[in-house]
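The values are calculated or read from the model by the stated rules, or taken from the named source; none is laboratory data. If you're wondering where the values come from, they're calculated on a predicted model, not measured in any experiment. Cβ placement follows ideal geometry from the backbone for every residue including glycine, while neighbour counts extend to all protein chains displayed. When the accessible area is computed, the model is the full protein with side chains, heavy atoms only, and any ligands, DNA or RNA have been set aside. Shrake-Rupley method; radii C 1.70, N 1.55, O 1.52, S 1.80 Å.
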Amino acid sequence: MTPVQDQQRLAPAELEARLRAIGPERYHHRHPFHQLMHEGKLTRGQLQAWALNRYYYQSIIPIKDAIIVSRSGDSAFRRAWRKRIIDHDGDGAHPGGIEKWIALAEATGLDREQVTSQRGILAGVYYAVNGYLDLADRAAYRSAAPVLSVVKWRAGLFRCTAYPSAGRRAVRPRLGHRTRPHTHRAGTRARGTARQVRYFVGAARCALFRICLSRLAASRRVPPGSGERDEMSAMERNRVPRLAPGCRLNAAGGPEDLLLIPEGALRLKGPARAIVELCDGERTLAGIVEELQRRYTSAQPATIETEAVALLARLRDRGVLEYA
Amino acid sequence: MKYTPRALIAELTHRCPLHCVYCSNPLEMQRRSEELCTADWLSIFQQAGEMGILQLHLTGGEPLSRADLTELVRAGREAQLYSNLITSGVGLDERRMDELIGAGLEHIQLSFQDSEEVPANEFAGTRSHALKLRIAGMIRERRVAFTVNMVVHRRNLDRLKEMIDFAEQTGAQRLEIANVQYYGWAFRNREALLPTRQQLEHSIEVVEAARERLKGKLRIDFVFPDYYAKYPKPCMNGWGHQQMLIDPAGRVLPCHAAMVIPGLEFPNARKRSLHWIWEDSPAFNRFRDESWMPEPCRSCDRRTRDFGGCRCQAFLLAGDAAATDPVCTLAPTHAAVEEILQRVNGGAERNWVYRIDPS
Ligand SMILES: C[S@@+](CC[C@H](N)C(=O)[O-])C[C@H]1O[C@@H](n2cnc3c(N)ncnc32)[C@H](O)[C@@H]1O
Ligand code: SF4
Ligand code: SF4
């Protein structure tokens with residue numbers, strides 16, 4: 001999508017259409033990590049890592065909203081907006097969103113102290129979240145403030161199936177009342193707002209989604225159970241992965257790329273098929289990454305390594321890949 | 001909305017050397033003389049591959065009772081299907097196993113009736129446990145995916161921990177612990193098989209502890225006894241949504257129990273193309289969308305997740321295949337299930353009958 005700021009002023013209807021398109025395109029429910037979560041396929045450790053890291057994000061939301069309030073010269077807007085701070089911090093009598101997030105993290109088996117200490121948060125998450133605060137802080141986006149509220153809780157996030165328990169009773173951590181409809185929603189309607197909105201709103205939304213995705217990309221790298229990063233250790237580098245018995249790729253060139261396994265099939269997206277093909281029982285993990293870096297010259301080498309290692313770790317957790 | 005079939009369950013035969021008291025096969029079974037021939041199955045697999053079906057489950061009865069099994073596996077592989085053999089193991093030896101794997105068999109699911117020989121043989125109505133143990137050893141030595149299946153019920157659920165330890169010893173990668181689903185012979189014997197609530201609760205704890213302990217080593221699937229559930233299972237992931245089953249005589253069904261439903265005519269693969277049956281046959285379309293749904297399903301949020309439960313169970317328990325699955329606690333007919341559970345939890349062991357071999 002072309003950055004909105006490079007374009008001429010848009011007609012309101014067109015602006016609205018473009019803004020609405022950003023969400024479905026970039027919303028984090030499309031992220032592989034969230035998809036695994038919805039399918040109930042995360043391990044307990046991965047779910048914990050997600051809850052822990054996301055807590056850091058939850059914890060800064062009132063700070064972000066306070067920044068926004070502090071930039072507005074419109075008292076009606078400020079009055080409406082400060083409800084969000086209360087939503088998150090609670091009002092003293094009723095717990096707010098942050099408290100509920102802690103409860104959710106506890107439901108995954110973490111303890112409160114662990115969560116609130118903010119120890120163990122991944123560096124990538126830390127920077128992404130701080131980046132979000134910076135974005136809110138930058139005056140250029142002042143009039144686009146409502147846009148920042150696209151931060152999205154609805155549906156997806158809370159409807160996760162926490163690791164299926166024996167009874168297949170889905171544990172459904174829900175935050176309860178959370179969303180009261182906000183008066184200034186999403187800013188997708190440039191309702192009477194200043195002209196700049198038309199220029200900035202789209203860029204801000206894109207920036208926001210990029211930040212959210214980098215936060216997820218970071219937490220996806222957490223191996224189950226350890227709560228630590230899984231950069232390829234020296235030992236890992238020399239391991240030789242191959243498909244486990246009874247797991248194979250479907251015929252190439254079909255309508256979809258699938259990894260056939262005893263329980264069914266896993267859908268492979270983007271370069272995933274190429275990565276799995278390289279797990280031929282001959283190449284080392286380091287060799288696979290090098291080969292991918294040679295092939296995909298337009299992507300950052302570090303990103304390639306992260307993505308490939310994360311994919312292979314997931315497949316190994318799933319029992320689909322083994323070390324020869 | 002268009003549905004893509006993903007799995008074909010091929011019930012190659014109803015013949016079986018075992019007589020499991022929990023067998024889900026229908027009471028009225030097809031005889032050998034009515035079975036599809038090799039060429040019929042070859043054509044079916046070919047059509048299945050063309051329709052985009054991915055998984056082929058070779059089951060029965062005992063699929064090894066078919067002398068042409070290797071040929072069928074090869075045909076499945078040629079049609080790009082992933083082939084699973086669901087078996088009691090009776091009829092396997094090293095040579096046949098190598099032939100099957102050589103022909104493209106990718107996964108073997110071997111059923112055990114218990115971890116202990118005496119009760120295992122009692123539930124199977126046959127002395128087969130010792131042989132199964134040897135078969136497990138043979139599978140482990142080969143590069144083929146290996147799942148152990150154990151059907152659990154009132155008479156063995158208290159030994160679940162031992163059964164899991166046993167499965168771990170077999171060297172399988174997966175363990176499927178399936179509470180009896182009450183169809184066919186199992187429905188006939190259900191009062192003798194249903195576990196008590198206490199047994200069930202304990203078994204859930206056992207499974208959870210085992211999952212934790214065996215993480216990364218043995219995957220454990222647990223099939224819940226839906227009579228005790230709050231909401232029904234999403235049976236077959238929806239009627240005619242993903243799977244089709246072909247019985248030994250070639251009748252094509254949305255699931256293995258659907259023959260019990262009166263008034264539905266299931267087309268035969270000898271006469272019709274799979275494509276037509278899947279897309280256009282009245283039987284596959286009968287419960288496909290939501291238009292058949294009565295209240296409370298019609299206005300229930302869960303209807304897109306459980307599809308109102310199992311049609312066969314609705315017929316078996318409520319006498320109406322178009323009723324809400326009576327195991328659902330919201331169903332008007334739920335009392336029928338409660339009543340059975342009360343009897344079961346009140347004590348009173350019952351006798352069972354053994355599944356017969358249609359020969
Ligand atoms: C009907 S059997 C046919 C294949 C083969 N004879 C065997 O027993 O493995 C298919 C699978 O379903 C399991 N099974 C049989 N009856 C069942 C029931 N009532 N509920 C759940 N699983 C059942 C068997 O243990 C087996 O794994
Ligand atoms: S009697 Fe047992 S072994 Fe035979 S088909 Fe039924 S479940 Fe399988
Ligand atoms: S009422 Fe129908 S849709 Fe709702 S939970 Fe029960 S069976 Fe499912």
Please verify whether the range B:324-342 includes one or more residues that are surrounded by fewer than 17 Cβ atoms within 10 Å (Cβ to Cβ), assigned to a loop (DSSP other than H, G, I, E, B) and of a type in the set (G, A, S). no
Quick one: in the range B:126-146, which of the residues that are out of contact with any His (no Cβ under 9 Å at 6 or more places or on another chain), more than 14 Å from chain A (Cβ to nearest Cβ) and outside any helix (DSSP H, G or I) is farthest from B:A167 (Cα to Cα)? B:R127
Among the residues of the range B:109-124, count how many are open to solvent by less than 40 Å² (accessible area, probe 1.4 Å), out of contact with any Ser or Thr (no Cβ under 9 Å at 6 or more places or on another chain) and not in a helix (DSSP H, G or I). 2
A:I68 fails exactly one of (1) buried (at least 18 other Cβ atoms within 10 Å of the Cβ); (2) closer than 30 Å to A:R318 by Cβ, namely (2)
List every residue pair whose Cβ atoms sit under 6 Å apart, with the two residues 6 or more apart in sequence or on different chains, where the first one lies in the range B:8-36 and is closer than 19 Å to B:N84 by Cα and the second, anywhere, is of a type in the set (G, A, S) and open to solvent by 30 Å² or more (accessible area, probe 1.4 Å). B:T13/B:S65; B:R15/B:S65
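Residue by residue, here is whether (1) open to solvent by 80 Å² or more (accessible area, probe 1.4 Å); (2) in contact (Cβ under 8 Å) with a residue 40 or more places away in the chain holds:
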| residue | (1), (2) |
| --- | --- |
| A:C279 | no, yes |
| A:E282 | yes, yes |
| A:V289 | no, yes |
| A:S298 | yes, no |
| A:I304 | no, no |
| A:A308 | no, no |
| A:L312 | no, yes |
| A:R318 | no, yes |
Scanning the range B:168-188 residue by residue, those away from every other protein chain (no Cβ under 14 Å) and more than 9 Å from ligand 1 (Cβ to nearest atom) turn out to be B:E168, B:Q169, B:T170, B:R188
Answer from A:R294, A:R248 - the residue that is away from every other protein chain (no Cβ under 14 Å) and more than 25 Å from the chain's Cα centre (by Cα): A:R294
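Look at B:Q80 and say whether it is assigned to a loop (DSSP other than H, G, I, E, B) and under 30 Å from A:G254 (Cα atoms). Spell out the reasoning first.
Numbers: assigned to a loop (DSSP other than H, G, I, E, B): yes; under 30 Å from A:G254 (Cα atoms): yes.
Judged against the criteria, B:Q80 is a match.
Which of the residues belonging to the range A:52-104 are of a type in the set (S, T, N, Q) and either farther than 22 Å from A:D134 by Cα or part of a helix (DSSP H, G or I) (or both)? Spell out how you get there, then give the answer.
Filtering the range A:52-104 for residues of a type in the set (S, T, N, Q) gives A:53, A:58-59, A:70, A:72, A:75.
Residues satisfying the conditions are A:N53, A:Q58, A:S59, A:S70, A:S75.
Which of the following residues is away from ligand 3 (no atom under 16 Å from the Cβ) and modelled with pLDDT of 95 or more: B:R15, B:R32?
On the way: B:R32 fails: modelled with pLDDT of 95 or more.
Only one candidate passes the filter, namely B:R15.
Check B:G76, B:G52, B:G60 and return the single one that is within 14 Å of another protein chain (Cβ to nearest Cβ), within 27 Å of B:D280 (Cα to Cα) and open to solvent by less than 20 Å² (accessible area, probe 1.4 Å).
Details: B:G52 fails: open to solvent by less than 20 Å² (accessible area, probe 1.4 Å); B:G60 fails: within 14 Å of another protein chain (Cβ to nearest Cβ).
Result of the check over B:G76, B:G52, B:G60: B:G76.
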Just give me the residues in the range A:239-255 being more than 17 Å from A:Y323 (Cα to Cα) and touching a residue at least 12 places away in the same chain (Cβ under 8 Å), in sequence order. A:L249, A:N250, A:A252
Mind listing just one residue for me: the one in the range B:259-311 that is within 14 Å of chain A (Cβ to nearest Cβ) and in a loop (DSSP other than H, G, I, E, B) and, of those, nearest to ligand 3 (Cβ to nearest atom)? B:R302
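When you go through B:S43, B:S24, B:S33 one by one, which is the residue that is open to solvent by 20 Å² or more (accessible area, probe 1.4 Å), small (G, A, S) and within 11 Å of ligand 1 (Cβ to nearest atom)?
B:S24
How many residues does the range A:28-51 hold that are assigned to a helix (DSSP H, G or I), among the aliphatic types (A, V, I, L, M) and open to solvent by less than 20 Å² (accessible area, probe 1.4 Å)?
Just the residues of the range A:28-51 that are assigned to a helix (DSSP H, G or I), to begin with: A:28-30, A:32-38, A:44-51.
This time we only want the ones that are among the aliphatic types (A, V, I, L, M), so: A:36-37, A:47, A:49, A:51.
Filter again for open to solvent by less than 20 Å² (accessible area, probe 1.4 Å), leaving A:37, A:47, A:49, A:51.
Number of matching residues: 4.
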Among the residues listed as B:R211, B:R155, B:R219, the single one being more than 14 Å from chain A (Cβ to nearest Cβ) and either crowded, with 16+ Cβ neighbours inside 10 Å or closer than 30 Å to B:A314 by Cβ (or both): B:R155
